[in-house]
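Accompanying notes for the structure given below.
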Amino acid sequence: MCGIVGAVAQRNIVPVLIEGLRRLEYRGYDSCGVATVTAAGPQRVRSVSRVAELDEQVRTAHFEGVTGIAHTRWATHGAPTVNNAHPIFSRDALAIVHNGIIENYEALREMLRAKGYEFVSQTDTEVIAHLIHSLYKGDLFAAVREAVLQLAGAYAIGVVHKDQPHVVVGARAGSPLVVGYGEGEYFIASDALAIAGSANRVSYLEEGDVCEISLEGVRIADRAGNLVTRESRDVQAYGGYGDTVDLGPYRHYMQKEIFEQPRAISDTIPALDEAFDPVLFGENAAEVFEGIDSILILACGTSYYAGLTAKYWLETVAKIRTDVEIASEYRYRESVPNPRSLVVTISQSGETADTLAALKHAQSLGMEHTLAVCNVATSAMVRLTEFTFLTHAGREIGVASTKAFTTQLVGLFILAVTLGKLRGHVNAEQEAGYLKLLRHLPAALNGVLALEPQIIAWSEEFARKENALFLGRGLHYPIALEGALKLKEISYIHAEAYPAGELKHGPLALVTEAMPVVTVAPNDALLEKLKSNMQEVRARGGQLYVFADADTHITSEEGIHVIRMPEHYGLLSPILHVVPLQLLAYHTASARGTDVDKPRNLAKSVTVE
Ligand code: F6R
């Protein structure tokens, strides 16, 4: 992960670099730093706090410069200490920022030690700094081109050298890097968003590219060393930044994003005449969809749970066999490829390293039909797949996924009904029914959001707990999984989810009076079974916290706390039921005083494996 930004200008560039870091914090926030370069050498400020604190430090120190690089880190090699924070120096002449992992760093470190280089950090980045320094003969662009040929692994870097105080050199392989073009000033960044506003146009560097930005302009060399041009686009194509950062009446972005779900879902539902039309996924989707005989879903984390939910829909509505795999497992295991399978990747960011690698792995096995359900139109995943369904959640800033998840579910439900129609399993009446459910969804969600005060009351009790169990059955088991993930990642309460029928096969041993058991209770065909599982918990003294559809008639009694949801919402019920679980996690974390939008050790975009 990590975010990098660099700039060459004729004005003090530090505020632009700091603003860039603020926008890149979604890539990691263990530590951060900024360096500017003068003929006397690079100078830097680093912090193990957040970018806001780094900003304070540079202001207090009147830290300025016309050429600089900056970094926000998600630690891989070496703890998040000031000493390991980037920019990393080599012999007070060169400074580097790095995103990625260098796999051969141990061999390179030995080679560089033999040449007399001393290592003062635990980072793999320091080997790149010394390597470039050792190859520098007056031309940083040339030294970086030579150095990257010796690197194995993934990297995006930005480098400055005291002997060329108006030059920044960047390079990428496996990690993204863009070049930004402003008025007589130039930039590099991990994401166009970081420099939108200062740059008017951006170019994406390709694998193996090395670039040099200076006051004279931009030079780009490909892996073979040939000077090349890369297509540039208007930075507006990457979306604005300003409006999305305004918190409005909310305390955290996560809360704001939970409440944005009715809007996000209504933006994601296609126009009436296009609903359930294969063209929604791409030009010749109808032809390809007709030829497929199964689905393989690949994703990580919350997006994986969206995939698990979709399996129920795809097998029920479209009667198509669906397998769902965790991307980081699939990419490394031996599997039996089916060229007639449609590979569906689900990702908010479209940059998740494991999901991208799993997609490429599936493609390498001959599965050429691919579809991305993704929230970022310009992402690598969208560029790599044959078809796309774009969710219109808008920018999600909170690390914990909320509106991205529910809009993914909408996209996947539309896929299930579209395939069901093509395969002759959905008639016109059913189609109209599904459309009606979808169209009413934003209003139904508003009804669930109105339960917030009751959920806040529960969260005060949850805030004092250290463990929680989540139960669901069938279509709502993935929702229980998602509820447990939300709670653990932002409140740090240990939470596990089980299909309710599994309880007696082990986890029931954990149930005591101290154990809250959150139960997702829709009024579906499994309700009576679920009620029996709830009794198993009550008989052991466990405290049940039940989100029950109004028509289940489950009511509060000794040891059973109930929040009444609206009436059962049919196949789309999971989209309603996840919302109170998001709110419960949010308010519990808030009551515990954690950093809700930036939970410890995590990052929004997981671009390392
Ligand atoms: C949890 C969460 C993560 C992501 C996962 C995949 O709240 O957000 O589990 O879902 O890292 O990220 P994307 O969807 O960007 O591929």
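The values are calculated or read from the model by the stated rules, or taken from the named source; none is laboratory data. Quick caveat, the model's predicted, so the values are computed rather than measured. Reconstructed Cβ throughout: ideal geometry from the backbone, glycine too, with neighbour counts over all protein chains shown. SASA here: full protein model, heavy atoms, side chains in, ligands and nucleic acids out. Shrake-Rupley method; radii C 1.70, N 1.55, O 1.52, S 1.80 Å.
Observations
- Mean-position separation - Cα centroids, the stretch 344-417 and the stretch 487-544, in angstrom: 31
- The largest accessible area among 60, 378 belongs to the first residue in 60, 378, and the rest follow in falling order (1.4 Å probe, all chains).
- The stretch 426-459-the stretch 101-175 distance, computed between alpha-carbon centres (Å): 53
- Diffusion constant of the chain at 37 °C, which comes from Stokes-Einstein with the Kirkwood Cα-pair radius and 0.692 mPa s, µm²/s: 128
- Between residue 38 and residue 535, the simple label model (points 7 Å from Cα in the Cβ direction) yields a spacing of 8.0 nm.
- Taking a straight Cα-Cα cut-off under 22 Å and skipping sequence neighbours fewer than 8 places away in the same chain, the lysines within cross-link reach of residue 162 are 115, 137.
- Working from label points 7 Å from Cα in the Cα-to-Cβ sense, the residue 457 to residue 315 distance is 3.9 nm.
- Solvent-accessible ranking of 592, 73, 383, largest area first, probe 1.4 Å: 383, 592, 73
- When Rg and the Kirkwood Rh are both derived from Cα coordinates, the Rg/Rh ratio for the stretch 262-444 amounts to 0.94.
- Net charge dipole, the stretch 430-539: roughly 200 debye, given to the nearest 20, about the Cα centre with Cβ charges of +1 for Lys and Arg and -1 for Asp and Glu.
- Along its first, second and third principal axes, ordered by size, the stretch 505-609 spans 43, 33, 29 Å in Cα coordinates.
- Per-residue SASA remark: residue 364, around 90 Å² accessible (1.4 Å probe; ligands, DNA and RNA not included).
- Eigenvalues of the alpha-carbon gyration tensor of the stretch 448-587, scaled by 5 and square-rooted, set the equivalent ellipsoid semi-axes at 19, 18, 14 angstrom, largest first.
- Legend: P(r) of the stretch 174-327 from all alpha carbon pair distances, 10 Å bins from 0, whole percents, reading 9, 21, 25, 28, 16, 2, 0.
- Only protein heavy atoms count here; on that basis, with a 1.4 Å probe, residue 38 has an accessible area of about 60 Å².
- When the alpha-carbon atoms of the stretch 340-446 are used, the pair Rg, Dmax equals 15.2, 44 angstrom.
- In plain terms, the bigger the Kirkwood radius, the slower the diffusion; for the stretch 3-95, with that radius from Cα pairs, at 37 °C and 0.692 mPa s, Stokes-Einstein puts D at 255 µm²/s.
- Pairs beyond 26 Å (Cα-Cα), from 311/421; 403/531; 504/604; 256/486: 403/531; 504/604
- Taking every alpha-carbon pair under 8 Å whose residues sit at least 6 apart, the stretch 452-592 reaches a relative contact order of 31 percent.
- With contributions of -39500 (n - 2.57) from each DSSP H run of at least four residues, the per-residue ellipticity at 222 nm computed over the chain stands at -11000 deg cm²/dmol.
- Global geometry of the stretch 3-234, whether rounded, prolate or oblate, following the gyration tensor of its Cα atoms and the 1.5 cut on a/c: rounded
- Distribution of pairwise C-alpha distances over the stretch 24-71, 5 Å bins, in %: 5, 22, 31, 23, 14, 5, 1
- Net charge of neighbours whose Cβ lies under 13 Å from the Cβ of residue 116, counting Lys and Arg as +1 and Asp and Glu as -1: +2
- Radius, Kirkwood style, for the stretch 62-145 when every pair of distinct Cα atoms is counted (Å): 13.5
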